[in-house]
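Taking it in order: structure first as structure tokens, then the write-up.
Every number in this text was worked out from the coordinates using simple rules, so none of it is lab data. Not measured: the values here are computed from a predicted model. A quick note on method: Cβ atoms are made from the backbone with ideal geometry, for glycine too, and the neighbour counts reach across all protein chains shown.
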């Protein structure tokens with residue numbers, strides 16, 4: 001079997017077409033109707049969209065439960081929750097990038113919309129290749145397991161505060177070398193025509209930073225989701241639902257990220273758990289239901305600790 005066909009093992013082509021048609025319809029509704037006029041997204045609007053995407057994910061999970069049984073549904077939910085938590089790191093980077101480039105709030109939704117379209121395409125390619133490679137070379141799972149344990153331990157260790165400079169992004173520097181960039185910063189478009197030639201705007205540079213940043217996060221995401229499920233359909237749909245809710249998550253969490261300071265520790269524990277589960281799978285079977293219980297329990301405890309334990313005044 002060739003790698004491009006790996007995703008179609010568990011589901012027929014019409015199921016994939018129906019899923020992507022639904023996603024495209026939701027995106028068209030979002031950008032073409034509800035977000036036609038650029039505006040700053042309010043907390044109320046962001047929370048409403050968070051509820052919409054979360055409800056759609058749970059509804060899809062219910063369809064999987066009725067159609068393919070509890071195992072597929074549990075795998076979807078576990079992968080969705082892990083990917084959603086990994087997205088919190090993306091939110092932190094988005095805040096830094098928008099602050100660095102001084103992107104007006106009314107244009108941030110547009111940048112995130114197209115950034116997430118690119119993220120969906122990248123994740124599709126990553127998961128397609130990943131599922132195919134695992135089917136051919138089972139030993140790759142052990143590499144993924146070691147990588148997840150390493151990532152989890154590294155995430156849990158304290159870090160020195162380092163200034164992130166998006167302007168030094170390699171993709172940005174290469175782009176500026178070969179393509180002219182306009183000085184117009186408040187056009188709301190990615191390209192403008194000046195003096196008879198097309199120039200990229202600073203807003204496109206921001207989009208480029210967002211896309212390349214997500215490429216880095218996808219490296220962590222792929223082993224995590226494939227450690228939970230080897231089903232291409234479940235892996236990709238759970239990833240896409242989590243990513244599509246990322247824009248709303250950004251606007252909802254922007255300004256209150258400090259309330260979830262223990263979430264990263266919880267995520268580190270989850271990544272180590274998933275990595276160990278992958279490494280011992282040949283000798284000890286940990287069911288999907290058990291994994292889902294661990295993931296849900298750790299996340300709940302992390303959020304509760306973040307809300308109940310106040311940060312010392314000297315660190316604020």
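Of the peptides 171-178, 143-150, 203-210, the order by per-residue mean of other Cβ atoms within 10 Å, starting with the highest, comes out as 203-210, 143-150, 171-178.
Out of every Cα-Cα pair in the range 66-160, what percent are more than 21 Å apart? It works out to 55 percent of all Cα pairs.
Among 116, 243, 286, the order by Cβ neighbours within 10 angstrom, fewest to most, reads 286, 116, 243.
Cβ crowding within 10 Å, taken as a proxy for footprinting-reagent exposure, orders 302, 182 from fewest neighbours to most as 182, 302.
The slack between residue 261 and residue 140, meaning 0.36 nm per residue of separation minus the straight C-alpha distance, is 40.3 nm. Volume per residue of the convex hull around the Cα atoms, evaluated for the range 90-141, comes out as 83 Å³. Taken over the Cα atoms of the range 55-117, the convex hull encloses 89 Å³ per residue. Relative to the current alpha-carbon distance between residue 287 and residue 303, full extension at 0.36 nm per residue lengthens the span by 3.3 nm.
Cβ crowding within 10 Å ranks 226, 307 as 307, 226, fewest other Cβ atoms first.
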